[in-house]
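Chemist: Starting off with a structure, shown below.
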Amino acid sequence: MDTNKIRNLNNDLCCCLQSLDSHKITERKTKRQEIQHLLENDEVIEILNYNSGQQLKKSPTTNDDYLATWRCLFNCYHRSLILDIEKEDTKRQRLGIDYKRPNLESSSILLKNIINKANKSMYIIN
């Protein structure tokens, strides 16, 4: 895999991870789908494995960007789920007890997928 492709895939993944912190639900949902798509690419898995082995060192190609790792992916995704739940709790409090809680099943499926792929790659997330 050439250096430009590695850099581009890493940058795509980092961009998705940063967007998971957005206060816009639709943006987080779109980025989750993009992450799911990226995780289907074996080259992205290789990059995550390599970067995880390097332990969040600064990228030699860019001064400000950090390398995407399994731990970073898990933490960012987890934080985005918390944001979703907090948003839904706020809605429920505002609308009362008649508010029907949304189904977070698709979000939890991606979380399981992240954990399973990391564990298969021998980068067990603590």
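Chemist: Applying 1/(1 + (r/R0)^6) with R0 = 22 Å to the Cβ-Cβ distance of residue 109 and residue 23, what FRET efficiency is obtained, to the nearest 0.05? List each step's numbers first, then the result.
Modeler: Numbers: r = 23 Å, r/R0 = 1.06.
That gives a FRET efficiency of 0.40.
Chemist: Multiplying the sequence separation of residue 79 and residue 3 by 0.36 nm and subtracting their Cα-Cα distance, what value in nm do you get? Display every interim value, and only then the final one.
Modeler: Numbers: separation 76, 0.36 × 76 = 27.36 nm, distance 3.02 nm.
The span from residue 79 to residue 3 would gain 24.3 nm if fully extended.
Chemist: For a quick check: with amide H placed at 1.01 Å from N, whose amide H comes under 5 Å from residue 66's, ignoring anything fewer than 5 positions away on the same chain?
Modeler: When sequence neighbours closer than 5 places are left aside, there are no close amide H contacts.
Chemist: With a 10 Å radius around each residue's Cβ, average the other Cβ atoms per peptide and rank 77-86, 12-21, highest first. Write out the running numbers ahead of the final one.
Modeler: Working: 77-86: 16.1, 12-21: 18.2.
For the peptides 77-86, 12-21, the packing ranking is 12-21, 77-86.
Chemist: What FRET efficiency would be calculated for the residue pair residue 30, residue 121, taking the C-beta separation as r and a Förster radius of 25 Å, to the nearest 0.05?
Modeler: On the way: r = 26 Å, r/R0 = 1.02.
My answer for the efficiency is 0.45.
Quick note: the coordinates plus some simple rules give every number you see, no bench work behind them. Quantities reported herein were computed from a predicted structural model and do not represent experimental measurements. Note: ideal-geometry Cβ built from the backbone for every residue, glycine included; neighbour counts use all protein chains shown.
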